[in-house]
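Below is one structure, written out as structure tokens, with a few remarks after it.
The values are calculated or read from the model by the stated rules, or taken from the named source; none is laboratory data. Everything numeric here is computed off the predicted structure, so don't read it as measured data. Positions of Cβ are backbone-derived with ideal geometry, glycine not excepted, and every protein chain shown enters the neighbour counts. Just the protein is used for accessible areas: all its heavy atoms, side chains included, with ligands, DNA and RNA removed. Shrake-Rupley method; radii C 1.70, N 1.55, O 1.52, S 1.80 Å.
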Amino acid sequence: MPPTKLTTPIAVGFVVAMSLLAVERTRCRAQPPTVASTDPSERPENPLAAEYRSCDADNDGLLTEAEYLNRVGQKSPIRLREFKVFDHDGDGRMNLAEFLTVAVGQPEDQRGTIPDPVILLVEASLKELTSHWGEWDQDGDALLALKEFENAAIGKRVRGLELTAFRDWDLDRDQKVSREDAARLLEIAFGVRTPEGGLLRSKAGRVVDWRLFRRLKADREGFVNRDVYLKALGPLADAEKQQWLASTDKNGDGRFNYAEFATSNHRTDPVATFLHLDADLNGRLTPEELETLSADQLPVAKRLFPGFDDDDDGALSLREYQLTPLVNLLASWESAQDTDSDGKLELVEFRFHSGVALEGLSAEYFRRLDVNEDQSLSLDEFPFVTSHRPPIEIYVQLAGGKIMTITIPDYPIICSPEISPDGRWVAVDGWKHGQSNVTAHLLVASLEQDEVRDLGIGCIPHWSADGRRIAYSKYGRGVFLRDFEGDAEEESIDPQGWAIHFSTDGLKTAYVKGGGNLVIHDVATDEKRFIFPDGNSPYRYIEHNFTWSPDSQRICFKGHRPNGAIDVGIVSVTGGDPKLRVRCDGKDVQSDLAWLADGNRVMFPKLPPAGQHSQIFEIDPDGDKPAVRYPTQPKDRNNGGLCWSRDGKTFVYMSTK
């Protein structure tokens, strides 16, 4: 896989942002300072410092917004955004230190120091500890011996470090914990340094992709071989691989260590990315602006509110954005394991490194992501790895937009919903966790009261027009009909059939036979015939949950051709010619189609792009326009199998988180 999927958009963002700034930024004529300074940033040869002084019209050592904007003689939106973003303390004045952080394409080593919220977390924790140091240091030597350390219970004073021991804090192994030891341990715990002491953050705000470096196998001397690195880059073009290699192996000796890697392009650039994402130039990132991130970043981006929006203004400032997991590629945060498979993530499971590394930052993230403050993370709050499967819910959208939900606790896996003609029941097939497909049960849930009927083994249910009978399949045993009420015996229609459906008028059924053909069955006469001439179907496989047209004249289905193509096709069930019409490509269509009562729409779910939710789409069966998303459905859930009532007033579909 590519080294870091954040790198490409960041690099593009930097180029775009810098090109815009270059167009806008016509600098004032630099004037030499009247007083020489020993501060390197204020020497006359520093063009940025010289420019700063030339723009300070009232010579008070600070730039107002007007002074900053007047450099080009007009209120440029980009300039105004610059002032808002880089006035880091928000006091409405820009001092020289803030001015030098404005990203205008200068080399990184010439840029000023961007305030880093992660470092601020370290400083705040250290201040808390050192404020009590004198109380704990009973012998007055400025060091904490084992007994003093235990009495102080230092670890319990920093979230995430509650389980740390004396040995963790005594980094120099002198049997004492100094303030320097505490500072260094906090830097390791919050991702400022590696346990070996390597810096993970630069003064310009860039953060090393430590998750990648940790995946690279280094030798005993700490060097990564060229071939190991190129293999880790994955399926990239040779030219692109060489660019990455030149970035890491700067001296061209065929290997690199962490020190070289830490100055490579394998670092996030939050300032450039922030400016690129800020499309409206207001100095804040809204949830909508974050949606322009790549698909692999979106699952995390969607969970940043409200936890990282410290001022609750509905958008992220640069400092708020700098703190997010999107910037701090120190671990694959979304790879945390739900080890007890309970569907929730506890703090003890939110771990990414042995020892102390990242424990403080992980705990800070956990606190922010735990929106409901129940001391655990749900999948709604953050994506993580779990074998737990939330129960599938039946969503029933009634006339007027009201929605009711139904779950069947004994059967958390349910599919193929079909609403009864009288609108009182929904039939589904269901499994328990760990059961195979052949054990599927026919389940019928009431829409009026808390009642679920288990009709025994069967799947893919479908109601007759009068609601008295149900058609269904059994794995390996064919297709059947049975009465809904009572204990009537089932009627076998075809032991080689599969996925039987009543026509809308109830006079016929259709089912798949031989994998790639449809059989039309006359209920009254028991006459059966193939849609396509026997042995001459263009399909090798037709999927279940096809749909009849409201006039019972056509069937819409998903079919697989021998050459691998997948169609959403429509055939006529009358006469000798099926009149096959391929409506659209079916490769991303899921097997559950519904033809609405108005006859003008066919609906189906579509497989989602990576990191997104499956959604329901609709097409005109007789048109040629592409499918469009059905608007009345939740965007933040996976929506699947569906059915419309015969009167077109009730919409039923399956939904899960």
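Quick look at the numbers
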item	result
Those residues of region 320-356 whose amide nitrogen sits under 16 Å from the label point placed on Asp311, 7 Å along Cα→Cβ	320-323
Accessible area, probe 1.4 Å, largest first, for residues Thr386, Thr632, Thr525	Thr525, Thr632, Thr386
Net charge contributed by nearby residues that have their C-beta within less than 9 Å of Gly254 (K/R +1, D/E -1)	-1
Thr632 paired with Asp139, simple spin-label distance in nm, labels 7 Å along Cα-to-beta-carbon	7.8
MRE, 222 nm, helices only [DSSP H, n ≥ 4, -39500 (n - 2.57), over the chain, to nearest 500]	-6000 deg cm²/dmol
Cleavage-rule hits (GluC sites (Glu not before Pro)) in region 167-256: DSSP loop, at most 14 neighbouring Cβ within 10 angstrom	Glu196, Glu221
Restricting region 399-472 to GluC sites (Glu not before Pro) in coil, as DSSP defines it, with at most 13 other Cβ within 10 Å	Glu448, Glu451
C-alpha center-to-center spacing [region 64-124, region 324-340] in angstrom	30
Solvent exposure of the chain as accessible area per residue, Å², 1.4 Å probe	46
Using alpha-carbon coordinates, inclination of helix 7-24 to the longest axis of the chain, degrees	60
Angle in degrees between helix 179-189 and the longest Cα principal axis of the chain, rounded to the nearest 10	30
Simple label model, 7 Å out from Cα along Cβ direction - Ala465 to Leu580, nm	2.9
Accessible heavy-atom area order of Asp483, Asp551, Asp312, highest first, probe of 1.4 Å	Asp312, Asp551, Asp483
Full-stretch length increase - Arg453, Ala57 - with 0.36 nm per residue and alpha-carbon distance subtracted	134.4 nm
Charge dipole magnitude, Cβ of K and R +1, D and E -1 - the chain, Cα centre, debye nearest 20	2120
From phi via Karplus (6.51, -1.76, 1.60), per-residue ³J(HN,Hα) for region 98-103 in Hz, x at Gly/Pro	5, 4, 6, 8, 5, 7
Alpha-carbon centroids, region 458-535 and region 249-300: separation in whole Å	56
Net length gained if the chain between Leu507 and Glu196 were fully extended (0.36 nm per residue, minus Cα distance)	104.3 nm
Accessible-area value, Ile188, 1.4 Å probe, nucleic acids and ligands omitted, Å²	20
Percent RCO, i.e. relative contact order, over the chain, from Cα pairs under 8 Å lying at least 6 residues apart	8
Region 280-320: GluC sites (Glu not before Pro) falling in loop per DSSP and having at most 12 other Cβ within 10 Å	Glu291
Using θ = phi - 60° and Karplus 6.51 cos²θ - 1.76 cosθ + 1.60, couplings along region 244-259 (whole Hz; Gly, Pro as x)	4, 4, 4, 5, 8, 9, 5, 8, x, 8, x, 7, 8, 10, 5, 4
Degrees separating the helix 359-369 axis from the principal Cα axis of the chain, which is the longest one	50
Ranking by accessible area, most exposed first, for Lys203, Lys579 with a 1.4 Å probe	Lys579, Lys203
